[in-house]
1. Of all accessible surface on segment 115-257 at a 1.4 Å probe, what whole percent is carbon and sulfur?
2. Let me cross-check residue 446: its accessible surface, 1.4 Å probe, with only protein heavy atoms counted, in Å² to the nearest 10?
3. For an R0 of 30 angstrom, estimate the FRET efficiency from the Cβ-Cβ distance between residue 177 and residue 482 and round to the nearest 0.05.
4. Got a sec to turn the phi values of segment 54-65 into Karplus ³J(HN,Hα) couplings, 6.51 cos²θ - 1.76 cosθ + 1.60 with θ = phi - 60°, whole Hz, x for Gly and Pro?
5. Using a 1.4 Å probe on the protein heavy atoms only, what accessible surface does residue 84 show? Give it in Å² to the nearest 10.
6. In whole Hz, what ³J(HN,Hα) sequence does segment 115-130 give by Karplus (6.51, -1.76, 1.60; θ = phi - 60°), x for Gly and Pro?
7. Using only the alpha-carbon atoms, what does the chain span along each of its principal axes? Please give whole angstrom values in decreasing order.
8. Net charge within 15 Å of residue 52 by Cβ-Cβ distance, Lys/Arg positive one each and Asp/Glu negative one each, not counting residue 52 itself?
Amino acid sequence: MHRTRRSLLAGGALAAAASTLPWPTWAQAPKDRLTLGLALEPPGLDPTAGAASSIAEVVLYNVFETLTKINPDGSVSPLLAESWELGRDLKTCTLRLRRGVQFHNGAPCNARSVQFSFERAGSAKSTNKDKATFAQLRTEVLDEHTVRLHSSEVEPDLLFLLGQATAIIVEPTSAASNASKPIGTGPYRLQSWTRGAALTLTRWDGWRSAHSVRLARITFRFIPDPAAQVAALLAGDVDAFPRVTPRSMAQFKAQPRFQVIVSGSRAKTILAMNHARKPLQDRRVRCAIAAAIDREAVIQGAADGLGRAIGSHYVPGAFGYVDTTGLNPYDPDKARKLLAEAGVKLPLALTLTLPPTPYARQGGEIIAAMLAKVGIQARLQNVEWAQWLAGTYGQKNYDLTLISHVEPLDLGNFAKPGYYWGYRSPAFNTLYQQIQHSTRPADRARLLGDAQRLLAEDCVHAFLYQPQWVTVAAKDLRGLWSDMPVFVNDLAGMYWA
C-alpha cells in the first residue's frame, strides 16, 4: 500500500519535507500503483462458482477474460473472440478466437478451452448461477481458433451474456482451484489475499498487450462500514472507492482533490419475499407489504435520492421497459384492507434480513417503520455478506430481505423453481418461454412488457428502485467507468494522469 499523510508525518526527518508539499503531490500513490476500496469482500475468486457480484468486481477482465467485453454504455466489443457471425434464427453464433493467447500457467487458450468452459458451466454438477443459459448451448469446435455455439432457444442477448463473469474462459487443469488460485488469460494475476482485509493483483507481463497496462500493482481493501469508507478516502488510504456510500458525496464534491462520478446501472433494489413461507404465499399479503412502502421515501433515505422508482424487476432504459409503478402505489389504507381480507392476525411478525451494504441497513430501518404503521412487525436481522449468501440465498432461510440484483438480464430467475425466493407461476413460465422463442424485436418488446406487468400484479416482491452508483476517486485517476451495466473495475484501462 502506498504511504499516506499519516505515515509520512510519523517519519521524523521526513516530516519537515512533507509539510512543504501540497497534498495531491505527496499523498498520491506511485504512478504504477493503485488502492481501491470495496464495500464487500468476494467469498471466492471464481465467478462460475458463486452468485456474489463482488467476485466480478475483482476478477472480471482483470484475471479472467470472456469472449466478448461489455462496455460502460452496454455495448459489446471483441475480447478473446476477434469477430463473430450470428445466424439469422438467433440460435447459432460462430466466433473466431484471438490467436496466441495463453493462460497464466502457459497453457494455450483455444477452441477446446471454450468448449470445456461452457460445457462445465452447463453441466449437471455446475454451480454457475447462469447454468440454465449454458445448459441450452452446445459448443462445436470447427478448428483450433473457431467455435460455433448452438442454442436450443432464441437468444438475442447472447453476445452480452458472453461478456458476463459467468462466461469466463477457464484453463481445464486449473479450473477446480480457481476460487483461491485463479488462472486466467487476463492482464493481472493474484499476488496475495489476506482474508478480511485486502487482496493484491500484479500485472502479468505475458499478457498480449502488457505494454499498454500502466498500473503494475493494485490492492483492493475491503471496507464495509460507511464511516470507515469516508475516512479511508480522506486519509488517502485508498485512491478510489467504486460504489461508495452516497451519503458522503457532498463533502467530496466540495474538495478539489477528489472526483465524484455518479453512474447509471441496470440494478434492481427490491424487498424480496420468501414465497415458501406463510403468509407470504398469499398474494394479498405480498401486495399489502408493497402498498405499505413509500418508494420515494426509501430512495431518499437509503440511496440519498440517487435512484428511480420501479414497479417490476426491470429498469428504465432497458429494451422493452414499461412503467409499472402505478400498479402498486403507496397506499397504507389499502395495505391494512388487504391484510384484513387475508385474515391476518395483527401484529404480523416477520424477519427482515439485511446484508451489510449501507443501502440495506439504512433502507431496512425505513421500511420496518413503514410496515409497523400497517400492523407488520419487521424484526431486523443484520448479517454479514457470507451469511447472506449461505443462509438467505443458499438455504432460503428468511422472510424478507432487502437486496440489489445487479445483473442486467435476469428476468429468467423468476422461471427457476429452485431460486431463493421460491416463486412458481405457470403463467410466467409460459410467457418467458415465448420471450425466449421470439425473434422479432417488436414481439419481444411486447412480451417483455407483459412479463413486467405479471410480476407487478403478482406482487412477487416489493419492487423499489433502480439505484445509481457513486464512485469517489483522486482527481488524477483516469479510466473509471462513467456507467455500470455490470459490476466491473476495468484495471487495464486505468492510469494516473
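The values are calculated or read from the model by the stated rules, or taken from the named source; none is laboratory data. Just so it is clear, the structure is predicted and the values come from calculations on it, not from any experiment. In this analysis, Cβ positions are derived from the backbone assuming ideal geometry, glycine residues included, and neighbour counts consider all displayed protein chains. Only protein heavy atoms, including side chains, enter the accessible area calculation; ligands, DNA and RNA are left aside. Shrake-Rupley method; radii C 1.70, N 1.55, O 1.52, S 1.80 Å.
1. Result for segment 115-257: 51 percent of the exposed heavy-atom area is carbon or sulfur.
2. Approximately 130 Å² of residue 446 is accessible to the 1.4 Å probe.
3. Here the calculated transfer efficiency is 0.25.
4. Result, rounded to whole Hz: 5, 5, 5, 4, 9, 9, 5, 6, 9, 8, 9, 10.
5. 60 Å²
6. 4, 4, 4, 6, 5, 5, 5, x, 6, 4, 8, 5, 10, 5, 5, 9
7. That gives 73, 62, 36 Å along the principal axes, largest extent first.
8. -4
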